[in-house]
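Single-structure report; data block below.
Taken together, the values in this text are just the output of simple stated rules run on the coordinates, not laboratory data. On a predicted model such as this, the values are computed, not experimentally measured, just so you know. Because the Cβ atoms are built from the backbone with ideal geometry, glycine has one as well, and the counts that use them run over all protein chains shown.
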Amino acid sequence: MKSPLYFTLQIDCESMQASVNDPDLGRRASAGFAQCLESHGLPGTFYVIPPDIEAHADLYRDLKQRGHEVGVHVHPATQGYEEFLGIYGPDEQYRILAEATDRFAQVMGYRPTSICIGYVSTNDHTYGVLESLGYRQGSNSMPGRILPQCVSIHAGAPLDPHYAHRHNRVLEGDMDFVETPVTVDPDSRMWGGAHPQDLRVELVDAKNHYYTILKSIRRQLADHTPIKSIRATTHNTFDYSDPNNFRFQTLEGIIAHVQRLAQEHQLELKPVTVVDLATAYRNAVPPGSKQKNLELDRKGYERK
Ligand SMILES: [Zn+2]
């Protein structure tokens, strides 16, 4: 039997952020993204900031009905706070995230369990706060990123889905929160070396993404990771309703590459939402079963 290659595609929906402020584009982009995915039989995960979900409630309710996942995206500045969540202590983070959660629940009629923090700006308080608000999975890590100016520092963080650590954002832990970071190539550095090339549609072209996907699959097979997965992302600030749009074509390219590389590596492609990816991880690695021992590698000290 072939082992599965899980494939998630997420989109951060934030067209009403001050720097974008184009809700019509946001609506077209989200609807077009869903249509593109559906044409390939793929479900999407839509992480939506409160202003976008309030403006386009009908669209996101409909997407949920159609089998997509709708979770929360948070940019504190759209709620009247500072731009980056990572500057805040636990009580302030709780207040900001509780507000976003309540506004989401008002519109969608359910408490969300998946979340993505804007700029991946988090600190060591964040996972505990997410847990206390009922969140159980999400994309809140960018392995290898060192961007203190966005309070987004994730050097050394795990490359694959894992249980979060209560006190340290870059360690695997025993929380019942499955972190599902976007796929990155940790060796291909961008932005002057501050950021790894990630599988964000708009970052590069489909050819560059091909190598990120290939390298990630090879590494997961070599490392015998408990589950294999590819996790792509984008934003609803590109017009995915237009097949001539370069980002649309890059998205199509990523999907084609993942389909082909799954086949070439004898893996069964399983397109899933983030919540289903987290469930697959929980099934493969029951909570509490994995004890990661931290130990200094002293082999270099050995003498003959
Ligand atoms: Zn965002």
**Q.** Reach of Lys228 by Cα under 14 Å, taken over aspartates and glutamates that are not fewer than 8 positions away in the same chain
**A.** Asp160, Glu268, Asp276
Q | Zone residues, the stretch 32-62, relative to Asp22, backbone N less than 17 Å from point 7 Å out along Cα-to-Cβ | A | 32-33, 52
(Q) Give me the dipole magnitude in Debye, nearest 20, for the stretch 3-288 about the Cα centre, with unit charges on the beta carbon: positive for Lys and Arg, negative for Asp and Glu. (A) 640
Q) Taking neighbour counts of Cβ atoms within 10 Å as a proxy for exposure, in what order, fewest first, do Tyr6, Tyr81, Tyr301, Tyr240 appear? A) Tyr301, Tyr81, Tyr6, Tyr240
Q: Note down the relative contact order for the stretch 11-168 as a percent, whole number, built from C-alpha pairs under 8 angstrom at least six residues apart.
A: 18
**Q.** Exposure proxy order (Cβ contacts within 10 Å, fewest to most) of Ile230, Ile217
**A.** Ile217, Ile230
Q: Please work out the FRET efficiency for the pair Arg95 and Ala57, using the Cβ-Cβ distance as r and a Förster radius of 25 Å; give the result to the nearest 0.05.
A: 0.55
(Q) At 0.36 nm per residue, and after removing the present C-alpha to C-alpha distance, how many nm does the segment from Gln65 to Asp223 gain when stretched out fully? (A) 53.1 nm
Q | Dipole of the chain, positive end: most advanced residue of Pro181, Val285, Tyr81 [Cβ charges, Cα centre] | A | Val285
Q.
If each DSSP helix of 4+ residues adds -39,500 (n - 2.57) and the sum is divided by the residues in the chain, what number results at 222 nm, nearest 500 deg cm²/dmol?
A. -11000 deg cm²/dmol
Q | Pairwise FRET efficiency - Met1 versus Glu38, Cβ, R0 = 35 Å, nearest 0.05 | A | 0.80
Q) What pairs from Lys215/Lys270; Lys2/Lys299; Lys64/Lys215 go past 30 Å between their alpha carbons? A) Lys2/Lys299; Lys64/Lys215
Q: Post the alpha-carbon centroid distance, the stretch 1-65 to the stretch 222-272, in whole angstrom.
A: 15
